[in-house]
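*Asks:* Take a look at the following structure, please.
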Amino acid sequence: VINRSFEAPLEKMFQMWTNPDHLAKWLPPTGFKMHFIRADIRPGGSTLYCMSNDAGIKMYGRAQYLEIVSPNKIVYTQQFCDENEETSRHPQGPTWPETMHTTITLAAEGPNTTRVTIVWEVYGKATREEQETFNKSKGGMTQGWSGSFEKLEEYLKS
C-alpha cells in the first residue's frame, strides 16, 4: 500500500491515470520512456505498452482494466509480455509474479488536493518463491512508485 497527496483537483488526477498521453509522461520508472501501442482504458479494455531506456533495455507490458469508477477508482491487472503480447517474466526478475493486481483510489482532501492510494498485490496463482520475491521487493516497489510520483508532481506543474 502506497499513499501520497498531490496538489491537483480530483478530476485532474483521475485524468492523469486514465489518459494514456498523461500516463506515458510520468508512470515509467526513472530513466525510462513509455509509449502505448494500444490504449483502451475502460472497464473490459486493455493496454499494450513499451518502456525503454537509453541503455537499450526494452520492456513490454499489458494491463487489463477490471473496474473504473470516475473519478475515484481504477482497478487493473498487469503482466510483462513480449511485443506479440505473449506473457513473459520481468526482464531482471525471473521469479517475479506473473500477474499483479492494482487498485488505485483517489480521494479529494480539498478542492485542489487529491490523495492517491495504491494497493499492489500478487494476483492469481503464484508459487511460494514468487510470493517471497514480491514480499522481499517492497522497498524497491516503494522507491519505484516514489520516483514515478516525483515525475507526476512535476508534470502536474506543467
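*Asks:* Working carefully through the options 102, 142, 133, find the one that is under 30 Å from residue 10 (Cβ atoms), of a type in the set (Ser, Thr, Tyr) and touching a Phe, Trp or Tyr at 6+ places or on another chain (Cβ under 7 Å).
*Replies:* The unique qualifying residue is 102.
*Asks:* With 151, 138, 58 as the choices, which residue is basic (Lys, Arg) and in contact with a strand residue (DSSP E or B) (Cβ under 7 Å, 6 or more places away or on another chain)?
*Replies:* 58
*Asks:* With the condition kept exactly as written, say whether any residue in segment 39-57 is in contact with a helix residue (DSSP H, G or I) (Cβ under 9 Å, 6 or more places away or on another chain) and over 19 Å from residue 102 (Cα atoms).
*Replies:* No, segment 39-57 contains no residue that is in contact with a helix residue (DSSP H, G or I) (Cβ under 9 Å, 6 or more places away or on another chain) and over 19 Å from residue 102 (Cα atoms).
*Asks:* Can I ask one more? Kindly list, by first and then second residue, each pair from a residue in segment 56-67 that is at positive phi and free of Cβ contacts under 8 Å to residues at least 60 places away in the same chain to a residue that is exposed (fewer than 13 other Cβ atoms within 10 Å of the Cβ) and among the hydrophobic types (A, V, I, L, M, F, W, C), limited to pairs with Cβ atoms under 8 Å and residues at least 6 apart or on different chains.
*Replies:* Qualifying pairs under 8 Å: none.
*Asks:* Can I ask one more? Kindly list the number of the only condition in (1) crowded, with 18+ Cβ neighbours inside 10 Å; (2) of a type in the set (Val, Ile, Thr); (3) within 15 Å of residue 117 (Cα to Cα) that fails for residue 75.
*Replies:* (1)
*Asks:* Hey, another quick one. Exactly one of (1) open to solvent by 50 Å² or more (accessible area, probe 1.4 Å); (2) without any contact (Cβ under 8 Å) to a residue 60 or more places away in the chain; (3) not in a helix (DSSP H, G or I) is unmet by residue 120. Its number?
*Replies:* Against the list (1) open to solvent by 50 Å² or more (accessible area, probe 1.4 Å); (2) without any contact (Cβ under 8 Å) to a residue 60 or more places away in the chain; (3) not in a helix (DSSP H, G or I), residue 120 comes up short only on (2).
*Asks:* Right, here's the next one. Of all residues in segment 21-53, which are more than 19 Å from residue 64 (Cβ to Cβ), open to solvent by 30 Å² or more (accessible area, probe 1.4 Å) and hydrophobic (A, V, I, L, M, F, W, C)?
*Replies:* Answer for segment 21-53, where residues must be more than 19 Å from residue 64 (Cβ to Cβ), open to solvent by 30 Å² or more (accessible area, probe 1.4 Å) and hydrophobic (A, V, I, L, M, F, W, C): just 32.
The values are calculated or read from the model by the stated rules, or taken from the named source; none is laboratory data. Keep in mind that this is a model prediction, so the values were computed, not measured. Neighbour counts are summed over all protein chains in view; Cβ atoms, including those assigned to glycine, are modelled from backbone coordinates with ideal geometry. SASA here: full protein model, heavy atoms, side chains in, ligands and nucleic acids out. Shrake-Rupley method; radii C 1.70, N 1.55, O 1.52, S 1.80 Å.
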